[in-house]
Protein chains: 6
Amino acid sequence: MAIVPKISDQDANPEARAVFDDIRATRNSDQINDFWRVLANDPPHAAAVWAQAKTVMAPGALDALTKELIYVAVSVANNCEYCIHTHTESARAKGMTVEQHNELMRVIALAATTNRIAIGYQIEPDERFRK
Amino acid sequence: MAIVPKISDQDANPEARAVFDDIRATRNSDQINDFWRVLANDPPHAAAVWAQAKTVMAPGALDALTKELIYVAVSVANNCEYCIHTHTESARAKGMTVEQHNELMRVIALAATTNRIAIGYQIEPDERFRK
Amino acid sequence: MAIVPKISDQDANPEARAVFDDIRATRNSDQINDFWRVLANDPPHAAAVWAQAKTVMAPGALDALTKELIYVAVSVANNCEYCIHTHTESARAKGMTVEQHNELMRVIALAATTNRIAIGYQIEPDERFRK
Amino acid sequence: MAIVPKISDQDANPEARAVFDDIRATRNSDQINDFWRVLANDPPHAAAVWAQAKTVMAPGALDALTKELIYVAVSVANNCEYCIHTHTESARAKGMTVEQHNELMRVIALAATTNRIAIGYQIEPDERFRK
Amino acid sequence: MAIVPKISDQDANPEARAVFDDIRATRNSDQINDFWRVLANDPPHAAAVWAQAKTVMAPGALDALTKELIYVAVSVANNCEYCIHTHTESARAKGMTVEQHNELMRVIALAATTNRIAIGYQIEPDERFRK
Amino acid sequence: MAIVPKISDQDANPEARAVFDDIRATRNSDQINDFWRVLANDPPHAAAVWAQAKTVMAPGALDALTKELIYVAVSVANNCEYCIHTHTESARAKGMTVEQHNELMRVIALAATTNRIAIGYQIEPDERFRK
């Protein structure tokens, strides 16, 4: 159970309600994920995070699906159950195929292994990366 | 300093040398990164990791650059200095632009924030993700 | 489900029972959290951890609430579900207001972002911190 | 060595320069830490992170020193060398005494231990925290 | 709930079925853990991971129980709920006593503390470990 | 550079000096690692950690080498450069062979991979582990 309650549309103050409204408009969906309903307990924080998320996740030099794949990868490495569910779903909604999901997981699993090998043997960055 | 020595071409046993040769052939470069020279202290492990890396990082349902971006994202989340340097370089070699690098870092930074918010408030996966 | 059973007052051996008794006396409450009932499977470990916790968390140069805020921050960064619930509750019991909780979460979220940016770009400590 | 160059005052574009100027004005110091000089390679990201940092770290329901202690705690848990140096220095500048630093480290060390015990034995949140 | 379905024996393709069969033969048990039923959604990944696991976990210079203890230690540090349950069970099946489990947990808890102290004070490797 | 100075034998207060003396007597060596010289800035913390370390690392139900292997595994997972160097050296001093070191690293690398797969697919503990 979350440590603070979920804020309903009715209970949201104007700042939080504006975040909900913009999420709905941006995503063209009536759905508000619990992440935002919980963070709405701190409306200025919700507004700041949403503004950043809206900007960062918009297609740019990287397309929207690639950004979601990166988001899932970070969330798996950070072990965030909530974020893994939500962003895997988002990736699927943006077109991630089963095979792409499998390849994403293979890269995450490979990197986990080589990260630990490099750390365990304390391999220094190659000469060309050092001053 | 690495905990075990780097294995030169001359000191590599046949199994390790075969890994070095295949890396050179696959990457079409004479360069062998220190990761492999260190892991060559355990030739069967080097062979197994290289076989997995060669398969996983080959273009498939995800292109080679996208895989490198995911690799960098995991390495940053796992705080692997060696891997961040090497795979950022690989991503650049596969065409990552400055703006793509910036967007990669923005997604990593955003996910780090939202991961911690979800964890800190103990937000449970939305109803639709639960049994 | 925990991997080992919870130890009831009756089943506790004298060393574990002494820990329970001292927790009750120190906290002026009859409540024994499951953390201690589980750790009581290894009474000497329970005794050592409790002795350390009692000393470390007592008000000193830092007041008791500040220590709880730090405890929550570490527990969120380490993703410890059990500890987040328990120490957020302890912080509230020691007077943490809703606004303080929100500010705690904002600092945790900000630090998560800047930590990853510093790591992702491999920013070295400023010259004045280096030998 | 950082993966991207540090941006000098002269090389900063107007958006990055505005960040540098506001850091100098806010902190009443001419010093710009390398974090900002590196992040200035992506001026909009620098501006967004600085805006968030300036807001979040200002004294509020928690005083400025307490916020720095929390920042250090998260940075230690996340193992961010850069951030540990910088924010320990900031905490000292805001009045952290040697004894407070020691107590901060004791709480971080204690939480690290109890976090791992709770995780290792898979202790579930006490009944009162569950639905 | 897992993000992808568990694959039954009937639904497994030949590559996945061969993994299931080899797990049964190697472990001399009819039980297939959900890890493998989920990973069987990506049969080549399942085959690669199983091949590696079978090789790595076989008794060698380290006995099978010692390998399981190490596996549990890593899984606790990485906070993998699934892996902690499974590998603690495996360790017990290979003879881990209650007292050995307790000592394992004590070492994990101690290392968590000293790791954070070394990081928090930024203690550099002793002179003899540096170039 | 460490954030606080190393305490020499001459500068150590009696409580810190007693820790140094007991380390020398216990290890039968004149060497005091920098970890203890840094932690000696907080003598009660040094005394508490050393008392715990001396007890926990003594041979018991697990032998001294096995405990060092577990210590290294945790330190690699936690990415503690200082601790990886020191405890790999300790493991060697207690008889760890090259082949045992290789197998340790293979288990750490394998667990890193399977931990991330279990987390990435959100595989729940098998039915028998659930209430």
Copies of A:Arg92 compared via label points 7 Å along Cα→Cβ give distances in nm, shortest first, of 3.4, 3.4, 3.8, 5.0, 5.2
HN-Hα couplings for segment C:42-56 via Karplus (6.51, -1.76, 1.60; θ = phi - 60°), in whole Hz with x for Gly/Pro, come out as 10, x, x, 5, 4, 5, 5, 5, 5, 4, 5, 4, 4, 5, 5
Output row for E:Glu127: copy-to-copy label distances, label 7 Å along Cα→C-beta, ascending, in nanometres, one decimal, is 2.7, 2.7, 6.0, 6.4, 6.7
For chain E, the longest principal axis of the Cα atoms and the Cα long axis of helix E:64-77 enclose an angle in degrees, to the nearest 10, of 70
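Can you give the mean number of other chain Cβ atoms that lie within 10 Å of the Cβ atoms in peptide C:54-66? Intermediate results must be reported in sequence, preceding the final value.
Details: counts 0, 5, 11, 5, 1, 1, 5, 9, 13, 1, 0, 2, 10.
Across C:54-66, the average partner-chain Cβ count within 10 Å equals 5.
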Out of A:Ile70, A:Ile84, A:Ile119, a Gaussian network model of chain A with alpha-carbon springs under 10 Å gives the largest mean-square fluctuation to A:Ile119
Per the rotation taking chain D to chain F, min distance Cβ-to-axis on chain D (residue, whole Å) equals D:Asn79, 3
Taking every C-alpha to C-alpha distance in segment F:1-103 and binning by 10 Å from 0, the per-bin percentages run 14, 43, 34, 9, 0
For segment B:27-37, Karplus-derived ³J(HN,Hα) couplings (6.51, -1.76, 1.60; θ = phi - 60°; whole Hz; x for glycine and proline) come out as 8, 6, 8, 7, 5, 10, 5, 4, 3, 6, 5
For chain B, longest principal axis from Cα atoms; helix B:98-120 axis from its Cα atoms; angle between them, nearest 10 degrees, is 60
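Can you tell me the FRET efficiency between B:Ala58 and A:Asp30 if r is taken as the Cβ-Cβ distance and R0 is 35 Å, rounded to the nearest 0.05? If you can, show how the numbers build up before the last one.
Working: r = 42 Å, r/R0 = 1.19.
For B:Ala58 and A:Asp30, the calculated efficiency is 0.25.
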Counting other chain Cβ atoms within 10 Å of each Cβ in D:15-25 and taking the mean gives 0
GNM on chain F, Cα springs under 10 Å; top mean-square fluctuation among F:Thr86, F:Thr26, F:Thr66 goes to F:Thr26
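Could you compute the FRET efficiency for E:Lys94 and F:Lys94, with r as their C-beta to C-beta distance and R0 at 30 Å, rounded to 0.05? Intermediate values should be presented prior to the final figure.
Values: r = 22 Å, r/R0 = 0.73.
The pair E:Lys94/F:Lys94 has a calculated efficiency of 0.85.
Given the -39500 (n - 2.57) contribution per DSSP H run of 4+ residues, what per-residue ellipticity at 222 nm results for chain C, rounded to the nearest 500 deg cm²/dmol?
Numbers: 6 runs with 85 residues, N = 131.
It comes out at -21000 deg cm²/dmol, rounded to the nearest 500.
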Within the set A:Gly60, A:Gly95, A:Gly120, GNM on chain A using Cα springs under 10 Å gives the largest fluctuation to A:Gly120
For chain A, the dipole about the Cα centre with charges only on Cβ (Lys and Arg +1, Asp and Glu -1), to the nearest 20 debye, works out at 300
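Rounded to the nearest 20 debye, what is the charge dipole size of segment E:10-82 about its Cα centre when +1 sits on each Lys and Arg Cβ and -1 on each Asp and Glu Cβ?
Values: 6 positive and 10 negative charges, 32 e Å.
I would put it at about 160 debye.
Looking only at other chains, what is the average number of their beta-carbon atoms within 10 angstrom of each beta-carbon in F:31-44? All intermediate terms of the calculation are to be shown ahead of the outcome.
On the way: counts 2, 1, 4, 8, 7, 1, 2, 7, 8, 0, 5, 9, 1, 4.
Per residue, the average neighbour count from other chains is 4.
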In whole angstrom, the spacing between the Cα centers of segment B:57-126 and segment D:1-80 equals 22
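For segment B:58-97, just say rounded, prolate or oblate: build the C-alpha gyration tensor, square-root its eigenvalues into a ≥ b ≥ c, call rounded for a/c under 1.5, and beyond that prolate if a/b exceeds b/c, oblate if not. It would help to have the intermediate numbers written out before the result.
Values: a/c = 2.55, a/b = 1.55, b/c = 1.65.
Oblate shape, in that a/c is at least 1.5 and b/c is the bigger or equal ratio.
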Here the correct list, in nm and shortest first, of distances from D:Glu15 to the same site in the other copies, label points 7 Å along Cα→Cβ, is 2.5, 4.4, 5.3, 5.3, 6.2
Gyration tensor on Cα atoms of the protein assembly as shown, a ≥ b ≥ c root eigenvalues, a/c under 1.5 rounded, else prolate if a/b beats b/c, else oblate, says rounded
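Here, each number is a calculation from the coordinates, and none is a lab measurement. Predicted model only: the values in this text are computed from it and were never measured. Don't worry about glycine lacking a Cβ; one is built from the backbone with ideal geometry, like all the others, and counts go over all protein chains shown.
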